[in-house]
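Colleague: The structure follows.
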Amino acid sequence: MNLHKIYCMDNLELLKQLPSESIDLAYGDILYATGRKFEDYQDLPYCKKDVEEFYLPRIKEIYRVLKPNGTMVLQMDYRIDHWLRCIADECFGYKNCTNVIQWCYSSGGASKKKLSIKNDTLIVYAKDIKKQTFNFIAR
């Protein structure tokens with residue numbers, strides 16, 4: 001399999017084709033469980049069972065393909081981040097969660113009725129926190 005190529009396929013099928021412990025970093029900007037139909041895909045419904053059934057096998061495969069020093073980063077919105085943290089804790093272990101990052105968009109804002117929801121959550125898990133590679137980049 002050529003790793004320097006773009007694959008247009010279901011990520012679970014692609015993950016199953018990858019050799020074990022072959023990836024340093026797995027990043028996913030995942031479905032957000034809005035239930036909406038977009039131009040090129042149908043989002044998952046906002047249903048805990050559906051989200052768990054969709055993501056559990058994918059996160060298990062990500063764990064399998066990560067090298068011992070590898071890292072997984074998943075980006076999502078506030079609606080499902082708590083469910084994905086539980087799945088990732090189950091697959092990676094609670095102690096291998098290395099960070100939870102809140103990324104705020106520069107556009108949008110609060111209204112008189114609610115605070116702004118222009119942010120995403122990124123969850124970061126090491127396959128093994130004692131072996132994880134972290135390269136700090138100073139600015």
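Colleague: Based on the mean of other Cβ atoms within 10 Å per residue, sort peptides 80-87, 10-17, 117-124 so the most packed one is first.
Modeller: Ranked by mean Cβ neighbours within 10 Å, highest first: 80-87, 117-124, 10-17.
Colleague: Another question, then. 5 Å is the cut-off here: which amide hydrogens, built 1.01 Å from N in the peptide plane, fall below it relative to A26, excluding neighbours closer than 5 in sequence?
Modeller: T71, M72, V73
Colleague: For P(r) over Cα pairs in 10 Å bins from 0, in percent, the listed values are (i) 11, 37, 36, 15, 2, 0; (ii) 13, 47, 33, 6, 0; (iii) 10, 30, 33, 17, 7, 3, 0; which was obtained by calculation from the structure presented?
Modeller: Of the listed options (i) 11, 37, 36, 15, 2, 0; (ii) 13, 47, 33, 6, 0; (iii) 10, 30, 33, 17, 7, 3, 0, (i) comes from this structure.
Colleague: Still on this structure, I have one more. Taking Cα atoms, how many degrees apart are the long axis of helix 48-65 and the longest axis of the chain, rounded to 10 and kept between 0 and 90?
Modeller: 30 degrees
Colleague: Now for a separate question. With each run of n ≥ 4 DSSP H residues scored as -39500 (n - 2.57), what mean residue ellipticity at 222 nm is computed for the chain after dividing by its residue count and rounding to the nearest 500 deg cm²/dmol?
Modeller: Here the helix-only value at 222 nm equals -8500 deg cm²/dmol.
Colleague: Would you list, by chain and number, the lysines whose Cα falls below 26 Å from the Cα of K118, excluding same-chain residues fewer than 8 positions away?
Modeller: Counting by Cα, and skipping residues close in sequence, K118 has these lysines nearby: K37, K48, K49.
Colleague: Given the C-alpha atoms of region 34-104, compute the convex hull and give its volume per residue in Å³.
Modeller: Normalising the Cα hull of region 34-104 by residue number yields 113 Å³.
Colleague: Please list, ordered by chain and number, the residues whose modelled amide H lies under 5 Å from the amide H of T34; skip anything fewer than 5 residues away on the same chain.
Modeller: The answer is L44.
Colleague: Which ³J(HN,Hα) values, rounded to whole Hz and listed in residue order, are derived for region 4-20 from phi using the Karplus coefficients 6.51, -1.76 and 1.60 in 6.51 cos²θ - 1.76 cosθ + 1.60 with θ = phi - 60°, glycine and proline given as x?
Modeller: My calculation for region 4-20 gives 9, 8, 8, 10, 9, 7, 4, 5, 5, 5, 5, 4, 5, 7, 7, x, 4 Hz in order.
Colleague: Another question, then. Taking θ = phi - 60°, what integer Hz values does the Karplus form 6.51 cos²θ - 1.76 cosθ + 1.60 yield along region 124-139, in sequence order, with x for Gly and Pro?
Modeller: Using θ = phi - 60°, the values come out as 10, 10, 8, 5, 9, 4, 6, 10, 4, 8, 9, 10, 6, 10, 7, 9 Hz.
Colleague: Helix 81-92 versus the longest principal axis of the chain: what angle, 0 to 90°, nearest 10, using Cα atoms?
Modeller: Relative to the chain, helix 81-92 is tipped by roughly 10 degrees.
Read the figures in this text as sums done on the coordinates, not as results from a lab. Keep in mind it's a predicted model, so treat the numbers as computed, not measured. Please note: Cβ atoms are built from the backbone with ideal geometry, for glycine as well, and neighbour counts cover all protein chains shown.
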